[in-house]
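Undergrad: Before we start, here is the structure in question, set down as structure tokens.
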Amino acid sequence: MDKKLVFATNNLHKLEEVRNIIGNSFEILSLSDINCNDDIPETADTFEGNALIKARHIYNKYGMNSFADDSGLEVDALDGAPGVHSARYATEGHDHEANINKLLGALNGKENRDAQFRTVAALIIDGKEYIFDGIIKGSITKERAGKNGFGYDPVFMPKGYDKTFAQMTDKEKNSISHRAIAMNKLNEFLKNLPE
Ligand code: ITT
């Protein structure tokens with residue numbers, strides 16, 4: 001089969017993270033590689049639904065095998081918020097600083113700071129759909145620490161570590177993250193596909 005896959009994301013950090021995981025077995029094309037400038041609406045109320053919308057958009061419009069992920073942060077004391085709304089928690093734009101400020105404000109004075117990052121990845125190969133997921137548990141720190149990564153990384157400390165995702169190298173984050181777990185499952189699946 002064609003060893004090319006479109007990764008339906010506009011997030012360059014995610015693209016880089018995922019190329020590091022899957023890039024050896026498949027050529028991962030970005031939306032700009034296929035000249036797609038569409039702003040694909042993420043209107044579902046589940047991660048799986050949104051991941052499928054993004055992957056289907058590419059498969060249906062361009063006829064290319066594709067995958068997408070939808071990810072987010074789920075905070076126990078906030079009943080799972082911001083969840084599917086993680087990118088637009090504070091404002092309509094993807095304003096990571098405002099999102100973190102809102103999160104720290106919402107948790108102010110709360111004892112329980114447990115949280116998890118979750119990814120659901122949807123893959124479409126020759127019209128067939130497959131779903132893979134990944135979760136990493138941790139907690140929300142009281143202050144930002146670190147400059148790497150993106151999104152909520154400066155305030156997310158994975159369980160068993162004494163540093164945030166933003167204090168880890170890409171390699172370290174990629175060895176344990178929610179996205180890495182889901183993408184490793186996807187990669188295993190791809191490796192086992194018939195030639
Ligand atoms: P695409 O939809 O174009 O792929 P996005 O940035 O909107 O990119 P998601 O919808 O999957 O990505 O993720 C929603 C938000 O969840 C994202 O903007 C971050 O705020 C947060 N998030 C997801 N994965 C993260 C990670 O590994 N580290 C920190 N924050 C993350």
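A short reminder: the numbers here are calculations on the coordinates, not readings from a lab. Bear in mind the structure is a predicted one, so any value in this text is a computation, not a measurement. Cβ coordinates were reconstructed from backbone atoms using ideal geometry, including for glycine residues, and neighbour counts include every protein chain displayed.
Undergrad: Among the candidates 87, 77, 68, single out the residue that is near the ligand (Cβ under 9 Å from one of its atoms) and in contact with a Lys or Arg (Cβ under 7 Å, 6 or more places away or on another chain).
TA: Checking each option against the conditions leaves just 68.
Undergrad: Can you spot a residue in the stretch 46-68 that is of a type outside the set (Asp, Glu), closer than 17 Å to residue 151 by Cα, in contact (Cβ under 8 Å) with a residue 24 or more places away in the chain and not in a strand (DSSP E or B)?
TA: yes
Undergrad: Suppose we filter the stretch 125-152 for residues that are exposed (fewer than 15 other Cβ atoms within 10 Å of the Cβ), assigned to a loop (DSSP other than H, G, I, E, B) and free of Cβ contacts under 8 Å to residues at least 60 places away in the same chain; how many remain?
TA: Residues that pass the stated criteria total 3.
Undergrad: Right, here's the next one. Please specify each residue of the stretch 1-37 satisfying the condition of being farther than 24 Å from residue 149 by Cβ and either within 10 Å of the ligand (Cβ to nearest atom) or surrounded by 12 or more Cβ atoms within 10 Å (Cβ to Cβ) (or both). Show your work before the answer.
TA: Of the stretch 1-37, the ones farther than 24 Å from residue 149 by Cβ are 1-4, 25, 27, 34-37.
4, 25, 27, 34, 36 - these are the residues of the stretch 1-37 that are farther than 24 Å from residue 149 by Cβ and either within 10 Å of the ligand (Cβ to nearest atom) or surrounded by 12 or more Cβ atoms within 10 Å (Cβ to Cβ) (or both).
Undergrad: Can you work out which of the residues in the stretch 102-124 that are surrounded by 14 or more Cβ atoms within 10 Å (Cβ to Cβ) and not in a strand (DSSP E or B) is nearest to the ligand (Cβ to nearest atom)?
TA: So, considering only residues that are surrounded by 14 or more Cβ atoms within 10 Å (Cβ to Cβ) and not in a strand (DSSP E or B), the one nearest to the ligand (Cβ to nearest atom) is 103.
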